[in-house]
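> Submitted below is the structure of interest, expressed as structure tokens.
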Amino acid sequence: MFQLDGSAWSGLNEDMASQAYVSVRIDRERIRRNAQEIQRRSAVALYAVIKADAYGLGAGLVAEAIGDLVDGWCVFSLAEAIEAQLWQRTRKPVIALGPPLSLEPEEYLVHHVRPAVSNAEEARLLRQADPVLCVDTGMQRFACGAEQIDEVIEAGQIREAFTHATRMEHVQRLVELTQGRGLKLHAAASSLLDRPEARLDAVRPGLALYRGAVRVSAPLVEVHQSRGPVGYTGFSAQRHGVILAGYARGLHAGPCLVNGQCRQIPEVGMQSAYVELGPEERVGDEVVLLGDDLLPDHLAPAWASTPHEVLLRLSKAGRRTYL
Ligand SMILES: *Cc1c(COP(=O)(O)O)cnc(C)c1O
């Protein structure tokens, strides 16, 4: 496939040049299987979270891939729902989880988006758009405190409420604060999917839908026998290679896979990174930055970050192709 000359990549034509950078492959079948599995296990309504362009995977394409399986969508803003054309594509309703930037009910109604509201003023102005109450159970941002719940329910004729729960106590608090009012309730994102008591009337996973569905890779463009300290940081290695992806594409130092072996990226530059290699690896071999057995959860500790951020950064790191 590649013209290789000793340890370096040479004579690149344009097509090969594009392959020298990061490629992002998205497995729509895997997203479907994840959605089906979540549905089978939870046995309640599934609201798929496709905010932030489906965590970088592409909201429109993800919506088309699982539109027949889900009960609805969650995005952050009305603008995201419009941009991804969620209603036109799937005829499934949408909740905008973030604070309502528009207070015109018509704007939500035409796009079949329901705003989340957290105070009586928003609830009153958006009543015709059938708003959903966002209850504060600990996050302390765009959510309604315990004292105002009844006032907001009344002002917006609220029928449905949710909270952004990261722990079981958040779910319990939602139930306590809203019980006896006949509301449809949901709380569980990916981290609480395995807790039956967290499922209530619907689940709202994002990350769990995308697990295993993204593979990000870049080929080794150089391979060297290392001589003394290498790079800016002067790391030491027996052999090292170089890929054409750096922090300009969101990459950080951490584990990777080369030919199925676990390797390390010890140093990242602006548009390239070093990979520590074993004796067998050659120019043109693929460095897997995410995917195969390497999950966002494995990279997050090395990146001092969350699986969400890892997925978002890497799924936007190069040209996406969809399987
Ligand atoms: C992002 C988000 C989710 C989904 O979270 P995951 O951890 O990706 O499953 C669910 N609910 C709210 C309110 C969110 O903001």
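For every residue, the table says whether it meets (1) farther than 23 Å from residue 141 by Cβ; (2) within 18 Å of the chain's Cα centre (by Cα).
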site: 44; (1), (2): yes, no
site: 48; (1), (2): no, yes
site: 55; (1), (2): no, yes
site: 85; (1), (2): yes, no
site: 93; (1), (2): yes, no
site: 102; (1), (2): no, no
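> Taking interchain pairs and intrachain pairs at least six residues apart, which have beta carbon atoms under 6 angstrom, with the first residue in the range 68-93 and closer than 14 Å to residue 116 by Cβ and the second of a type in the set (A, V, I, L, M) and part of a loop (DSSP other than H, G, I, E, B)?
So the pair list comes out as 73/50; 74/97; 76/97.
> I'd like the full set of residues that are under 24 Å from residue 133 (Cα atoms), away from the ligand (no atom under 13 Å from the Cβ) and surrounded by 18 or more Cβ atoms within 10 Å (Cβ to Cβ), limited to the range 60-73.
Within the range 60-73, the subset under 24 Å from residue 133 (Cα atoms) is 70-73.
Among the residues that remain, those that are also away from the ligand (no atom under 13 Å from the Cβ) are: 70-71.
Correct list: 70 only.
> Going residue by residue through the range 283-298, is there one that turns out to be in a strand (DSSP E or B) and closer than 20 Å to residue 233 by Cβ? Write out each step before concluding.
Here is the first cut: in the range 283-298, the ones in a strand (DSSP E or B) are 286-291, 294.
Filter once more, so that each one left must be closer than 20 Å to residue 233 by Cβ: 287, 289.
The answer is yes, given that some residue of the range 283-298 is in a strand (DSSP E or B) and closer than 20 Å to residue 233 by Cβ.
Each row is one residue, and each column tells you yes or no for (1) within 16 Å of the ligand (Cβ to nearest atom); (2) touching a strand residue (DSSP E or B) at 6+ places or on another chain (Cβ under 9 Å).
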{"position": "208", "(1), (2)": "yes, no"}
{"position": "241", "(1), (2)": "no, yes"}
{"position": "251", "(1), (2)": "no, yes"}
{"position": "256", "(1), (2)": "no, yes"}
{"position": "266", "(1), (2)": "no, yes"}
{"position": "293", "(1), (2)": "no, yes"}
{"position": "299", "(1), (2)": "yes, yes"}
{"position": "315", "(1), (2)": "yes, yes"}
{"position": "322", "(1), (2)": "no, yes"}
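> Same structure, new question: Can you pull out every residue in the range 243-266 that is over 15 Å from residue 220 (Cβ atoms) and of a type outside the set (Gly, Ala, Ser)? Outline the logic, then answer.
Going through the range 243-266, the residues over 15 Å from residue 220 (Cβ atoms) turn out to be 247-250, 252-255, 262.
Listed by number, the residues that qualify are 247, 249, 252, 255, 262.
> Now for a separate question. Taking the stated definitions as given, is residue 222 farther than 13 Å from residue 287 by Cα, among the acidic types (Asp, Glu) and surrounded by fewer than 21 Cβ atoms within 10 Å (Cβ to Cβ)?
Against the criterion (farther than 13 Å from residue 287 by Cα, among the acidic types (Asp, Glu) and surrounded by fewer than 21 Cβ atoms within 10 Å (Cβ to Cβ)), residue 222 does not qualify.
> Restrict the check to the range 119-131 and report whether at least one residue is of a type outside the set (S, T, N, Q) and closer than 24 Å to residue 312 by Cβ.
The first filter runs over the range 119-131 and keeps only residues of a type outside the set (S, T, N, Q), leaving 120-127, 129-131.
With the extra rule that they be closer than 24 Å to residue 312 by Cβ, the set shrinks to none.
No; the residues of the range 119-131 include none that is of a type outside the set (S, T, N, Q) and closer than 24 Å to residue 312 by Cβ.
> I'd like to check which strands (runs of 3 or more DSSP E) are fully inside the range 208-263 and have at least 1 residues that are acidic (Asp, Glu) and in contact (Cβ under 8 Å) with a residue 40 or more places away in the chain. Full working, then the answer.
Numbers: elements: 214-219, 222-225, 239-243, 254-258.
Correct list: 222-225.
> Let me ask something additional. I'm trying to understand the selection: among the residues of the range 181-199, which are within 14 Å of the ligand (Cβ to nearest atom), surrounded by fewer than 23 Cβ atoms within 10 Å (Cβ to Cβ) and not small (Gly, Ala, Ser)?
Of everything in the range 181-199, those that are within 14 Å of the ligand (Cβ to nearest atom), surrounded by fewer than 23 Cβ atoms within 10 Å (Cβ to Cβ) and not small (Gly, Ala, Ser) turn out to be 185, 192, 193, 194, 195, 199.
Every number here is computed from the coordinates shown, using simple stated rules; none is lab data. Because the structure is a prediction, the values reported are computed rather than measured. Please note: Cβ atoms are built from the backbone with ideal geometry, for glycine as well, and neighbour counts cover all protein chains shown.
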